[in-house]
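What follows is a set of notes on a single structure, which appears directly below.
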Amino acid sequence: MRLRILGVLVLSVAFVSPALAHPAAGRVFSLGAGLAHPFTGADHILAMFAVGLWGVLARGRAIWLWPSAFVATMLVGFALARMGLHIPFLESAISSSVVILGLCVALAIAAPTWVGAAMVGLFAFFHGFAHGVEDSTASTIPYVAGFALATSSIHSAGIGLGMVAEGLIGRVAIRVMGAFTVLSGVFLIAS
């Protein structure tokens, strides 16, 4: 299993290039902007949705722990970016999160709960960092609350759709959604 996870990571990093999902840097910071931001980039939606789907496949604590780890670590990334930390290849890391998380779903990788939490947390750090590098001229707290809430709602949508699909069709339906996530991530990277 460790070799499978390592293989997924190595292969997906080989295909990563910037998605440039954050062209609106320097825009308005408000609760509404925070709520809207995760929905403005396909990379955000796909990665966060995949976390929910993967949690459904993993069952148990992963279904709530992985999305919670994502939101918490995303907030850490945001805070460190606001403190002036610089990270190279930020967009590449975000793009790779779509492909890697999609592969985890498509291949139904059965990672231990703590490994899955660490993986989604790592990707969440970069997503949060991207939020934080955008210049703020207004209050940051409403914006952060908005994007944390929107992120949680996308995770919930992934969990909900995954549970419905699994109940109606079976686990293969979730894996197919993971494959579509991978293909969408590759398309984002290529475009």
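The values are calculated or read from the model by the stated rules, or taken from the named source; none is laboratory data. Everything numeric in this text was worked out from a predicted model, so none of it was measured. In this analysis, Cβ positions are derived from the backbone assuming ideal geometry, glycine residues included, and neighbour counts consider all displayed protein chains. Protein only, heavy atoms only, side chains kept; ligands, DNA and RNA dropped before computing areas. Shrake-Rupley method; radii C 1.70, N 1.55, O 1.52, S 1.80 Å.
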In nm, give the distance between the simple-model label positions of Ala118 and Ser191, each being 7 Å from the Cα along the Cα-to-Cβ direction. 3.5
Label point distance in nm, Ala79-Ala145, each placed 7 Å from Cα along Cα→Cβ: 1.8
In order over the stretch 104-116: 3J(HN,Hα) from phi, Karplus 6.51/-1.76/1.60, θ = phi - 60°, whole Hz, x for each Gly or Pro, gives 4, 6, 4, 8, 6, 5, 8, 7, x, 3, 5, 5, x
Leaving ligands, DNA and RNA out of it, report the carbon-plus-sulfur percent of the accessible area of the stretch 123-174 at a 1.4 Å probe. 73
For Leu31 and His86, FRET efficiency with R0 = 30 Å and r from the beta-carbon atoms, rounded to 0.05? 0.65
How large is ³J(HN,Hα), in whole Hz, for each residue of the stretch 119-127 in order, when computed from phi with the Karplus curve 6.51 cos²θ - 1.76 cosθ + 1.60 and θ = phi - 60°, using x for Gly and Pro? 5, 5, x, 4, 5, 4, 4, 5, 4
Residue by residue through the stretch 152-161, what is 3J(HN,Hα) from phi via Karplus (6.51 cos²θ - 1.76 cosθ + 1.60, θ = phi - 60°)? Round to whole Hz and write x for glycine and proline. 4, 5, 5, 4, 4, 5, x, 5, x, 5
Please give the Cα centre distance for the stretch 86-153 versus the stretch 172-189, rounded to the nearest Å. 17
The stretch 46-191 - accessible surface per residue (Å², probe 1.4 Å): 42
